[in-house]
Amino acid sequence: MALFVLDTDHITLLQHGHPQIAERFIATPESDVAASIVTYEEQLRGRLAVIRQSKSPARLAVAYLRLREMQDFFCAIRLLDFDAKAVSIYETLRQTHRGLGAMDLRIAATTLAAGGILVTRNTRDFASINDLSLEDWSAS
């Protein structure tokens, strides 16, 4: 079976109940879906920034609730490590794809290291990476 690696944008859309992504996610066996630890880092940084910037007790409470929901989500999905193989691929990608951001390259490297298919709406940027298979679950 294929391994579908959801990028940060797809994870965020899934968490917000995007209908096409949620339908595809539910229809795909749990063992065939994953996220990169890099996506976890991106979401964690965002959640912590919202906590730091919260000006009212009510917003702070909501920010911590969203942090808990994020944690629960990532406990329920397979996380792929940014391991030695991914690091090696990332270093190569950094040299050949200087126009892409570091986090995108790390997610791509993690996906390539796992032999997965990257699920993303950002096909324009990721399409330039050789051997990286792409799908967009948000398209109807």
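The values are calculated or read from the model by the stated rules, or taken from the named source; none is laboratory data. Everything quoted here is computed from the prediction, not taken from an experiment. We place every Cβ from the backbone using ideal geometry, glycine too, and count neighbours over all the protein chains shown.
Would you confirm whether any residue within the stretch 62-71 is modelled with pLDDT of 95 or more, within 17 Å of residue 4 (Cα to Cα) and surrounded by 15 or more Cβ atoms within 10 Å (Cβ to Cβ)?
Within the stretch 62-71, none of the residues are modelled with pLDDT of 95 or more, within 17 Å of residue 4 (Cα to Cα) and surrounded by 15 or more Cβ atoms within 10 Å (Cβ to Cβ).
Please work out if residue 14 is under 22 Å from residue 126 (Cα atoms), in a helix (DSSP H, G or I) and over 14 Å from the mean Cα position of the chain (by Cα).
Taking the combined requirement at face value, the residue does not satisfy it.
Quick one: how many residues across the stretch 65-119 are touching a residue at least 60 places away in the same chain (Cβ under 8 Å), closer than 18 Å to residue 30 by Cα and of a type outside the set (A, V, I, L, M)?
Counting residues in the stretch 65-119 that are touching a residue at least 60 places away in the same chain (Cβ under 8 Å), closer than 18 Å to residue 30 by Cα and of a type outside the set (A, V, I, L, M) gives 4.
Out of the residues in the stretch 32-67 meeting the condition of being more than 16 Å from the chain's Cα centre (by Cα) and among the polar types (S, T, N, Q), tell me which one is farthest from residue 81 (Cα to Cα).
56
Results for (1) surrounded by 13 or more Cβ atoms within 10 Å (Cβ to Cβ); (2) touching a helix residue (DSSP H, G or I) at 6+ places or on another chain (Cβ under 9 Å); (3) more than 18 Å from residue 75 (Cα to Cα), shown as yes or no for each residue.
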site: 7; (1), (2), (3): yes, yes, no
site: 22; (1), (2), (3): yes, yes, no
site: 25; (1), (2), (3): yes, yes, no
site: 29; (1), (2), (3): no, no, no
site: 32; (1), (2), (3): yes, no, no
site: 38; (1), (2), (3): yes, yes, no
site: 49; (1), (2), (3): no, no, yes
